[in-house]
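For reference, the structure is listed below as structure tokens.
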Amino acid sequence: MDFKIDLLGKTGNPKFNDNHKIDYLNLVKPLEWENGVCKIVCNQCKTIQEISFNYANRLIQVLYILQKPLPKEFKTKEDFKNWYFVLPYCDYCKKNNKIAELEIKKITRPN
Ligand SMILES: [Zn+2]
């Protein structure tokens, strides 16, 4: 798949992470940004950021374009609660063309 979509949008409260694993505690922490509806995790650098409702909707549109099955309907802000997106890159690391790896996942406890 080779289409260019800019995934980057306005985000708040980046939580940097050096050990390159998803920081579960940061993921489950309540949102701090007034405009935040859910979080995104960068699959490359594992930075966690909060995203706005508009940005979250944009990512849902990208998932539609990629023809990825959505686990449920995401229409209201409340629908994004306990879900997060995994992005192939973020605005803190190098862009790549792994857009097809975009995913939305439910926050679950690590094993
Ligand atoms: Zn990143």
Being basic (Lys, Arg) and away from the ligand (no atom under 16 Å from the Cβ), is that true of even one residue in the stretch 84-94? no
Do we find a residue being without any contact (Cβ under 8 Å) to a residue 40 or more places away in the chain, away from the ligand (no atom under 12 Å from the Cβ) and not aromatic (Phe, Trp, Tyr) anywhere in the stretch 38-56? yes
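How about the stretch 63-106: which of its residues are among the aliphatic types (A, V, I, L, M), loosely packed, with under 11 Cβ neighbours inside 10 Å and not in a loop (DSSP other than H, G, I, E, B)?
Selection gives nothing.
Every read-out reported here was derived from the displayed coordinates using simple, explicitly stated rules and does not represent laboratory data. Here the structure is a predicted model, which means the values were calculated and not measured. Please note: Cβ atoms are built from the backbone with ideal geometry, for glycine as well, and neighbour counts cover all protein chains shown.
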